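The values are calculated or read from the model by the stated rules, or taken from the named source; none is laboratory data. All values reported here derive from a predicted model rather than from experimental measurement. Heads up, the Cβs are rebuilt from the backbone with ideal geometry, glycines too, and the neighbour counts pull from every protein chain shown. Note: accessible area is taken over every heavy atom of the protein model, side chains too, but ligands, DNA and RNA are not part of it. Shrake-Rupley method; radii C 1.70, N 1.55, O 1.52, S 1.80 Å.
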Amino acid sequence: MDPRVEEHAEVLVDWSARIEAGDDVVLSVGPDAHELAVAVAEKVGERGANLVTTYASGEVSRAYQLGHDGDFDEDPAHELALVENADVYLSVGGGRNTSEGSDVPAGVRTAYGKSRERLREARMDTDWVSTVHPTRSLAQQANMSFEEYRDFAYDAVLRDWEALADQMANMKDILDDGSEVRLVKEDTDLTMSIEGRTAVNSAASVAYDSHNLPSGEVFTAPEATEGEVFFDVPMTLRGERVQDVHLTFEDGEVVDYSAAQNEGVVGEILDTDEGAKRLGELGIGMNRGIDQFTDSILFDEKMGDTVHLALGRAYGSNFPEGSEDEANQSAVHVDMITDVSEDSFMEVDGEVVQRNGTFRWEDGFEE
């Protein structure tokens with residue numbers, strides 16, 4: 001076994017999930033994530049926690065949805081009980097086909113997603129963490145050799161997370177103290193209110209309200225969005241390649257959209273429910289260990305020189321205890337990314353905090 005698999009497992013169990021003796025742990029395993037799952041199971045056992053393993057296959061999910069009549073029972077009790085009684089939920093992705101499920105009819109896919117809302121909420125009430133094991137399918141999607149992709153993935157995962165957390169605290173402080181964010185680049189001039197929100201320093205650990213490994217972003221929950229934004233980073237959404245998405249916002253909602261490729265997927269997402277037309281997240285990528293796009297949101301949205309916005313559900317961690325504001329609710333949370341490495345700037349309350357991908361506390365920042 002590659003020793004980096006063991007390191008990945010140790011970071012996931014100790015730094016990210018903070019698993020302790022007696023914790024009840026659910027481990028969801030993708031078909032090609034066997035090696036990492038074995039390493040994680042060993043670490044969980046060494047720490048004296050209790051483990052249940054489930055199988056997460058895109059092919060199995062596709063078969064179930066296509067075989068069903070589409071009238072799905074809401075939040076099946078047997079699955080809900082498992083998640084509600086878990087302290088920790090670990091998702092170790094590693095599928096065999098990143099486009100699996102692309103031929104499931106939109107109506108069936110939407111109905112299935114809506115039927116599992118309480119399950120998602122229950123999972124988010126645990127100390128949940130999602131990661132991926134480097135697989136050949138992910139390497140192929142990234143247009144990289146398998147060896148090259150493994151090196152890339154481990155460079156992103158095996159970092160000095162404490163040091164990165166200290167750097168990202170600069171952006172968290174700015175957002176916490178700010179009221180309005182403006183993002184400007186080609187085909188983009190967007191303003192968002194962040195008044196009364198709490199930004200998350202997403203340093204790949206539940207101790208930071210962070211639930212992805214790798215991570216390396218600071219995110220908050222915007223509202224009152226106005227203007228237009230262009231997402232020039234291609235991505236796979238619902239098994240389809242989507243490219244050059246343009247959204248126009250008025251009064252906080254999307255009023256117009258277009259895409260150069262698979263525009264219908266964007267429309268399908270927006271039609272999910274009312275919350276899908278509003279933003280649930282503004283995220284700022286700060287992980288310099290991720291240095292190229294791979295068509296995987298887990299990595300791409302954390303890349304330095306990027307900003308991402310998510311349509312749909314907002315995270316409760318962005319709302320201070322006692323806040324009268326309610327998080328945007330939706331059955332979806334779909335991230336889209338824009339490259340801010342050139343001819344761009346981001347302002348908070350009129351002050352430029354990032355220009356051409358460089359933050360104001362970094363060498364090379366230009367006022």
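Looking at Arg313, Arg278, Arg288 in this structure, which one is within 20 Å of Met168 (Cα to Cα) and open to solvent by 30 Å² or more (accessible area, probe 1.4 Å)?
Values: Arg313 fails: within 20 Å of Met168 (Cα to Cα); Arg278 fails: within 20 Å of Met168 (Cα to Cα).
One residue alone meets the criteria, Arg288.
A search for C-beta distances below 6 Å between a residue of segment 339-357 that is closer than 18 Å to Arg197 by Cα and any residue that is small (Gly, Ala, Ser) and at pLDDT 95 or above, counting only pairs 6+ apart in sequence or on different chains, returns Val348/Gly178; Asp349/Gly178; Asp349/Ser179. Counting only residues that are of a type outside the set (Gly, Ala, Ser) and either surrounded by fewer than 17 Cβ atoms within 10 Å (Cβ to Cβ) or more than 20 Å from the chain's Cα centre (by Cα) (or both), segment 113-124 holds 6 of them.
Among the residues of segment 125-176, count how many are over 30 Å from Gly196 (Cα atoms), basic (Lys, Arg) and crowded, with 17+ Cβ neighbours inside 10 Å.
Qualifying residue count for the region: 2.
Each residue in segment 200-220 was checked for being assigned to a loop (DSSP other than H, G, I, E, B) and surrounded by fewer than 23 Cβ atoms within 10 Å (Cβ to Cβ), and 1 of them qualify. Is one or more of the residues making up segment 223-230 closer than 18 Å to Gly283 by Cβ, in a strand (DSSP E or B) and of a type in the set (D, E, K, R)? Within segment 223-230, one or more residues are closer than 18 Å to Gly283 by Cβ, in a strand (DSSP E or B) and of a type in the set (D, E, K, R). Taking segment 64-151 as the region of interest, the helices (runs of 4 or more DSSP H) fully inside it that hold 1 or more residues being closer than 21 Å to Ile290 by Cα and modelled with pLDDT under 95 are 136-141. Within segment 177-199, restricting attention to residues that are among the β-branched types (Val, Ile, Thr) and part of a loop (DSSP other than H, G, I, E, B), the residue that is least open to solvent (accessible area, probe 1.4 Å) is Ile194. Quick one: would you say Val245 is crowded, with 24+ Cβ neighbours inside 10 Å and assigned to a strand (DSSP E or B)? Yes: the conditions hold for Val245.
One line per residue, one yes/no per condition, for (1) modelled with pLDDT of 90 or more; (2) among the hydroxyl-bearing types (Ser, Thr, Tyr):
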residue: Leu309; (1), (2): yes, no
residue: Asp325; (1), (2): no, no
residue: Thr338; (1), (2): yes, yes
residue: Asp343; (1), (2): yes, no
residue: Gln354; (1), (2): yes, no
residue: Gly364; (1), (2): no, no
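The set of residues in segment 24-62 that are part of a helix (DSSP H, G or I), surrounded by fewer than 17 Cβ atoms within 10 Å (Cβ to Cβ) and at pLDDT 95 or above comprises His34, Val38, Glu42, Gly45, Glu46. Is one or more of the residues making up segment 89-103 surrounded by fewer than 17 Cβ atoms within 10 Å (Cβ to Cβ) and charged (D, E, K, R)? Yes, there is a match, as at least one residue in segment 89-103 is surrounded by fewer than 17 Cβ atoms within 10 Å (Cβ to Cβ) and charged (D, E, K, R).
Contact annotation: residue pairs with Cβ atoms under 9 Å, 6 or more positions apart or on different chains, pairing a residue in segment 252-269 that is in contact (Cβ under 8 Å) with a residue 24 or more places away in the chain with a partner that is open to solvent by less than 80 Å² (accessible area, probe 1.4 Å) and among the hydroxyl-bearing types (Ser, Thr, Tyr), are Gly252/Ser193; Gly252/Thr225; Glu253/Thr225; Val254/Thr225; Val254/Thr248; Val266/Ser258; Glu268/Thr110.
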